[in-house]
Amino acid sequence: MIDQNLLTPREIVAELDKYIIGQKEAKKNVAIALRNRWRRMHVKSDMQREIVPNNILMIGATGVGKTEIARRLAKIADAPFAKVEASKFTEVGYVGRDVESMVRDLVEQSVNLVKQAKKEEVKVKAEQAVEDIILDALIPPVRNRGTVSTTEVGEAQDSSKMSDAELNERTRERFREKIRSGEIDDRKIEVSVQAPQGNGIGMIGGGMDEASMINLQDMLQNMLPKRTKKRKVTIAEAKKLLLEEESAKLIDMDEVKEEAIKKAENTGIIFIDEIDKIAGGSKKNGGGPDVSREGVQRDLLPIVEGSAVNTKYGVINTDHILFVAAGAFHVAKPSDLIPELQGRFPIRVELNSLTEADFYQILKEPKNALTKQYEALIASEGVSLEYSDEALHEIARIAFHINAEVENIGARRLHTVMSKLLNDILFDIPEQIPPNAKVLITKEMVQERLNGLVQNKDLSEFIL
């Protein structure tokens, strides 16, 4: 269930460092939380059931890496991950979207992960079945009706005669090789594929919760016969369409559901963003939006502290799901949350605002750095893009300066700055800047193109 070779806390932090700059304390805490799940699964005594995860509350301005830390953590652990904005549960007049939906989303993710792993296991068998279907469409098989009658034994040509079935089989094998090599991928064939199911049913009456609606829709869909339709597609397309169907036939869905529930219960991570938006604020006026916010907090409470939630794949217990909450807490404070909910997030981590040096590192070091993304985009046109070190320092300085002057939106400010810097270059490719050209971004170019951005105090059009 949990990989024996799960990374150690130090290795988890090293892995997070590849994508997220700074925030050592937050990385350390999430790494410990992740490793503790592996440790709990290897506790031999009855104590295993008693050990509950220490949920984490991340406090920090927007764009400092709160969501990215949680998302990368789930990828490292190959764990189901669901992200939800707490503020959406306070929307006026929302219907049927209850707090339990986050747990259902997590189970859905878990089912997809397990299904994908099972598909890999049966991939070879499924590919063979797909080849047979494509071959049947290209060269229908011939039944063996016995060997053709021979004449004189001495004639070599007669001895080389084969039955129709043998000839057919040899031809099929030659075409099987061509299908595997992709030689005839552009040829069109007619195949039968499963017709997509309808969009389900609308709301029937009132007083029906989301879980009941999902179960009713599934039940009705299972009662209806599966419909197929003929489609004329290329062999390359047929491979994809049929592989999905054949893999599904080979997978035991009951086993998938059972494994997915266990995976979600023991390794699932739910990230609750914008939790500060449901904090009551400092004025306890007993009316207005605070009542709605406190209601959402009280709805969250049983999920976070452990309860059984009904999903279309079965009942899931939330006792051992790791909850990571995050919020900027500019207006409200963590102490404005109801005491019971505060107690369910015992680990509090404050993320630091990004410095100019952090911006420089964000531009240079991460695997998915914005500078590298633009290099890849421009390289697709055959143009080479490079940055001088002074240019990166200048971009970092400008981004930090704008954040300080206008609104601190963290690393997201770099998207504004980089877009303004490179827009003309992106526009001029490929007419003005032909393929095989080389573009070097210098400090002077950065200053020239971004000077107006820094001087103009009214930057509302650039605020994300």
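Details
- Within the same chain, aspartates and glutamates fewer than 8 places from Lys66 are excluded, and of the rest, those with a Cα less than 16 Å from its Cα are Glu15, Asp17, Glu25, Glu85, Asp273, Glu274, Asp276, Glu350, Asp358.
- On the principal axes of its alpha-carbon atoms, segment 3-137 has extents of 61, 46, 39 Å, going from largest to smallest.
- Normalised by 2.2 N^0.38 Å, where N counts its residues, the alpha-carbon radius of gyration of segment 343-393 equals 1.69.
- Checked against a 18 Å cut-off, the cross-linked pairs Lys75/Lys123; Lys229/Lys257; Lys188/Lys239; Lys125/Lys262; Lys44/Lys75; Lys367/Lys443 give Cα-Cα distances beyond that limit for Lys75/Lys123; Lys229/Lys257; Lys125/Lys262; Lys44/Lys75; Lys367/Lys443.
- Other-chain or far-sequence residues with amide H under 5 Å of Glu85's (modelled H): Asp273
- Cα centroid separation, segment 367-384 to segment 18-55 (Å): 36 Å
- Peptide packing: for 235-245, 354-364, the average count of neighbouring Cβ atoms within 10 Å per residue gives the ranking 354-364, 235-245, highest mean first.
- Segment 23-37 - phi-based ³J(HN,Hα) in whole Hz, Karplus 6.51/-1.76/1.60, Gly and Pro as x: 6, 4, 5, 5, 4, 4, 5, 6, 5, 5, 4, 5, 5, 4, 5
- Rounded if a/c under 1.5, otherwise prolate or oblate - segment 353-464, Cα gyration tensor axes: prolate
- Each Cα pair under 8 Å and six or more residues apart adds its sequence gap; the mean of these over the residue count of segment 6-75 is a relative contact order of 39 percent.
- Amide hydrogen proximity for Thr311: with H placed 1.01 Å from N in the peptide plane, the residues at 5 or more positions away or on another chain lying under 5 Å are Ile316.
- Peptides 305-311, 265-271, 73-79, 408-414 ordered by average Cβ neighbours within 10 Å, highest first: 265-271, 408-414, 73-79, 305-311
- 3J(HN,Hα) from dihedral phi, segment 366-381, Karplus parametrisation 6.51/-1.76/1.60, rounded to Hz, x for glycine, proline: x, 4, 9, 4, 4, 4, 5, 5, 5, 4, 5, 4, 6, 5, 5, 9
- Contour minus Cα-Cα distance for Lys24 and Ala248 (0.36 nm per residue): 76.3 nm
All of the numbers you see were taken from the coordinates with simple rules; none came from a lab. Worth saying up front: this structure is predicted, and the values here are computed from it rather than measured. For neighbour counting, all protein chains shown are included, and Cβ atoms are generated from backbone atoms with ideal geometry for every residue, glycine included.
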